[in-house]
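Report on one structure; see the data block that follows.
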Amino acid sequence: MGFRTLLLLLAILPASLTWAAPAQQRFTDWQVTCNNQNFCVARNVGAHDGLVMTLSRSAGARTDAVLRIDYGGLDRSVTHAPPLAPALLLDEQPLVPDPKSWRITPLHLLTDNSTTIDAFLNEIREGQSITLRDARPAISLQGLKAALLFIDTQQKRVGSETAWIRKGSQPPLSVPPAPALKEVVQSGPAPAPLTREERNDLLDYGTWRINTNQCSLDPQRREVSVGGLSDDKALLMVSCEAGAYNTINLAWIVSRQKPFAARSVQLHLPFQPQDASRDLELINATFDEQTRELVTLAKGRGLGDCGVQTRWRFDGQRFRLVRYAGQSVCDGWQGADAWPTQWITR
């Protein structure tokens, strides 16, 4: 999407859409993710060969931002790479970070100084790329300006002194604070551990349930697991379908004592993700009996560098979302635990 086109769209969209959160959008070679607290992260994506610039900023009046440049990734070894700082070029001209304003190690540069960040962005935002001397990796700057404007717009900074693009005279306090975090309260104290008899009876019940459902997974590969949710409820999960790197599970909340009563687990997102349903499948699901949290991980490919990871907490009646993280671009940069968040709670 071009910069002029983005300006036009932002001008005509209703406020409820313009300021909507959470969001994840791509602007040419840049991706921006903003969560339900309007905390935004932008980074270059695609063919960067392991050279990545990441910019994050919190909502509110404070100039609370971090800019970093890193060299690495999931699928490459850079242990013998030359130091980054002396090798950086902006459009083939030296780009020299001031060591007084940056924390510099051989493969990482970081600053949280707002004056330094503003000056750096002003220096590079009209450029084409940041590269390394005598090396292939490159940070494309195509789309950076639109990404910065999107963050300003999402956080309602346009027209204020704190904006990165379309700066104005409005004071920092004109920028609204981050929305309050929602809370998902865990149900009561930790339940008594399942006894061996309870566990065996529930596993037998789970085997029976999966044999009565239409599951395509080979019976030899089907797995049944159980975990305690409360003193009278347990979580029963069975693997039902599988692809190359994803397994779809079915799950029920089941009474711990016979005769067993079960109701299926339905995971419903509290927001509408882009190009996806609010009803979430249990993919590669795991359950932690200590925290009573259910985790799903839908991988976009086997490397696990893209997809969606969610975490759900049992509140006594159902599982409620406490974290949603996603990475739409498969570029070998991060694993699931580092994907940007679109939803968090207390």
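Contact map, region 126-137: residues that are surrounded by fewer than 15 Cβ atoms within 10 Å (Cβ to Cβ) paired with residues that are outside any loop (DSSP other than H, G, I, E, B), Cβ distance under 7 Å, separation 6+ or inter-chain. Pairs shown: 133/87; 133/89. Where strands (runs of 3 or more DSSP E) fall entirely within region 293-346, none has at least 2 residues that are hydroxyl-bearing (Ser, Thr, Tyr).
I want to confirm something. Restricting to region 132-156 and keeping residues that are of a type in the set (Gly, Ala, Ser) and either at pLDDT 95 or above or assigned to a loop (DSSP other than H, G, I, E, B) (or both), which single residue is farthest from residue 50 (Cα to Cα)? Give the derivation first.
Residues of region 132-156 of a type in the set (Gly, Ala, Ser): 135, 138, 140, 143, 146-147.
Those left that are additionally either at pLDDT 95 or above or assigned to a loop (DSSP other than H, G, I, E, B) (or both): 135, 140, 143, 146-147.
Values: 135: 11, 140: 12, 143: 18, 146: 22, 147: 20 Å.
So the residue we want is 146.
Looking across region 87-131, the residues that are touching a helix residue (DSSP H, G or I) at 6+ places or on another chain (Cβ under 7 Å) and in a strand (DSSP E or B) come down to 90, 104, 109, 111, 130. The set of residues in region 30-67 that are in a loop (DSSP other than H, G, I, E, B) and among the hydroxyl-bearing types (Ser, Thr, Tyr) comprises 58, 63. When every residue of region 337-346 is checked against the conditions, none turns out to be farther than 23 Å from residue 192 by Cβ, of a type in the set (Gly, Ala, Ser) and in contact with a strand residue (DSSP E or B) (Cβ under 8 Å, 6 or more places away or on another chain).
The values are calculated or read from the model by the stated rules, or taken from the named source; none is laboratory data. Keep in mind the model is a prediction, meaning the values are calculated, not measured. As a convention, Cβ positions derive from the backbone with ideal geometry for all residues, glycine included, and neighbour counts pool all protein chains shown.
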